[in-house]
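Peer 1: Dropping a structure here in structure tokens format, bear with me for questions.
Each reported figure results from applying straightforward, stated rules to the coordinates on display, with no laboratory input. This is a predicted model, so every value here is computed, not measured. Note: ideal-geometry Cβ built from the backbone for every residue, glycine included; neighbour counts use all protein chains shown.
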Amino acid sequence: MPALTLPGRVAAAAAALAVALPTFIAYNLPPSATFLNQAAALVGWGVFLLVLATALPRGAWRLAASAAPLLAALGLLLGAALLSPLWTGLPASLALSSGGAIAAALLAAACGAALQRAGLGVSAFRALCVGLVVAGLGGTLIALVQVFAPGWADGSVIARSSIAGRAVGNLRQPNHLSSLLLWGVVALVALARSQRWPRGTAMALAALLLFGVELSGSRTGALGALMLAAWGLADRRLERVWRVALGAAPFAYAAMWAVMMAWVRSGAGPRLESRFVSNGDISSSRFGIWSNTIELIRAHPWTGVGWGEFNFAWTLTPFPGRPVAFFDHTHNLVLQFAVELGVPLALAVLGLLGWALWRAARAAWTEPDPARAAALRAGFVMVAMVAIHSQLEYPLWYVYFLLPTAFVWGLGLGADRAPPALSAPSATLAMPAPPRFGALSFGALLLWLAGLLSVLDYARVVVIFAPPEGAAPLAQRIADGRRSVLFAHHADYAAATTPGLGGDVLAGFAGAPHYLLDARLMQAWAQALERSGDTLRAVHVAQRLREFHNDTAEPFFEICDEPDAVIPRALFQCRSAPTGLGYLDFR
């Protein structure tokens, strides 16, 4: 493998900081289990994009114009997020959180396009691939511990798996781990081809990553193995050995699964039976939530329910046969846009994204330069994988998936009419002396600073849920938390679910229900509405809570089953007659 020059090493190290480090963090502080991972991604990507942007010529932001469809789609989403509080009940903190993430994606896509147009796209992509391979190998090691030595997982260095016998990585979700490792496989193939790694070593590492995907037990991961095979079949520029290896990926995955299941049946291995089907439902309630979502779209086709308001609208709309989990997302990108933005705006956004995806595919499969073609095709596979994942989950709502996707997509879109790529061994990011500091560099610096400031802002609500010794009284901590720019809704949740704080009994419910309506919050809300004399709305919230059949709420409803019919009839939570209300009556 040729030695990287210092600039290449700097870019690769920055990529590892941006891509790998966030996936290694297991330690977390309440109330969010993934905040530190996302903050680390923001800081890391600020550094990575700053390193890359200083290699661009002055006025490089103009080079991003080739990514116009993607930038326009992100711009529409940014506007929808920031304007949502003006006509919905979405708290400003949630709008700013979403808007900040989308703005960061805009920056990443613009930098990717500009780098490609400047002839540095291949170098930047290889640096990113180094970070992805590091993340993938580290994630596989974590997966091995979680499945084969779960006692070693202490929760601070290695996260404990919440699903027996399945790996969840330090991101704590099997589907996130599987997509990360699949990206690692694609990056490994790209690096092995460009850097002339020994094939045996590269293939052994790719098999290890695929085994990590199998350990996650993710259905998305199994689908990703099929996508690797599709890549091998479609990309005729791949060496024959890699085409065969990628084509064999589904069979290798199936063989790994069979071996693991045989080990389980022998009695020596962990329990893995629940990997692909949960409680007899292969969709894990997705069919149910999609059906409910379509009903909401029919009821609000033009303007939708508002950005970030799906959970609020779905929870407060009568669905007697609803899935009993508290969904905060539709688990399908197309339906998510349609239900929150309305059909016309959703079609505009999806049309722009489809156009951007088609242009990236066309550039990848028509590029004459071998080095750039290899990078573009690997990058397109990464984007296609997360696009498929987004039809079953919502990975792009996490910045550690959103920013790499936007960056790689921007690289693909920047290939139109770009100059010839710098080829190895000279394919390095030449850092100017002194570095150029333009608009994109300034944006990267702002991203880095925003990541750091978000940690300080988050600390305002951490003390509510994990108070240090000598902390202020709870009421004071909640009051301080409500001054948080990005996380005030968490303080509202604490106020809403903590009795005896005094003040306006409904104050905490102005923002908290718009983040996630769970059983505890719904019960507290219903009781607060009843105490304030708003019995009709209290009955409606109680009826919706009953539809979830949640164990936590059973004591709230158990009196309704008392044989004395007089007592239940007088209690609001026991009423069954429809209220005629909808979610709009709670804004």
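Peer 1: Along each of the three principal axes of the Cα atoms of region 443-587, give the extent in whole Å, ordering the values from largest to smallest.
Peer 2: Cα extents, longest axis first: 64, 37, 27 Å.
Peer 1: Given (1) 1.37; (2) 1.01; (3) 1.07, which label gives Cα Rg over 2.2 N^0.38 Å as computed from the coordinates?
Peer 2: The listed entry that was calculated here is (2).
Peer 1: On to the next question. Which value in Å does the Kirkwood hydrodynamic radius of region 461-517 take, with 1/r averaged over all unlike C-alpha pairs and then inverted? Working shown, then result.
Peer 2: Details: mean 1/r = 0.0884 Å⁻¹.
Hydrodynamic radius (Kirkwood, Cα pairs) of region 461-517 is 11.3 Å.
Peer 1: Which order do the peptides 168-178, 60-70 come out in when sorted by mean C-beta neighbours inside 10 angstrom, highest first? Mind showing how you got there, number by number?
Peer 2: Working: 168-178: 25.3, 60-70: 21.0.
The most tightly packed comes first, giving 168-178, 60-70.
Peer 1: Right, next: For the chain, what does -39500 (n - 2.57) per DSSP helix run (n ≥ 4), summed and divided by total residues, give at 222 nm, in deg cm²/dmol to the nearest 500? Walk me through the intermediate numbers first.
Peer 2: Working: 24 runs with 356 residues, N = 587.
About -20000 deg cm²/dmol.
Peer 1: Which order do the peptides 475-481, 404-410, 316-322, 373-379 take when ranked by the mean count of other beta-carbon atoms within 10 Å per residue, highest first? Spell out each step's value before the answer.
Peer 2: Details: 475-481: 18.3, 404-410: 28.9, 316-322: 15.4, 373-379: 25.7.
Answer by packing, highest mean first, reads 404-410, 373-379, 475-481, 316-322.
Peer 1: Given the peptides 528-539, 31-42, arrange them by the average over their residues of other C-beta atoms within 10 Å, most packed first. Could the numbers behind the result be given before it?
Peer 2: On the way: 528-539: 16.9, 31-42: 20.8.
Output ranking for 528-539, 31-42: 31-42, 528-539.
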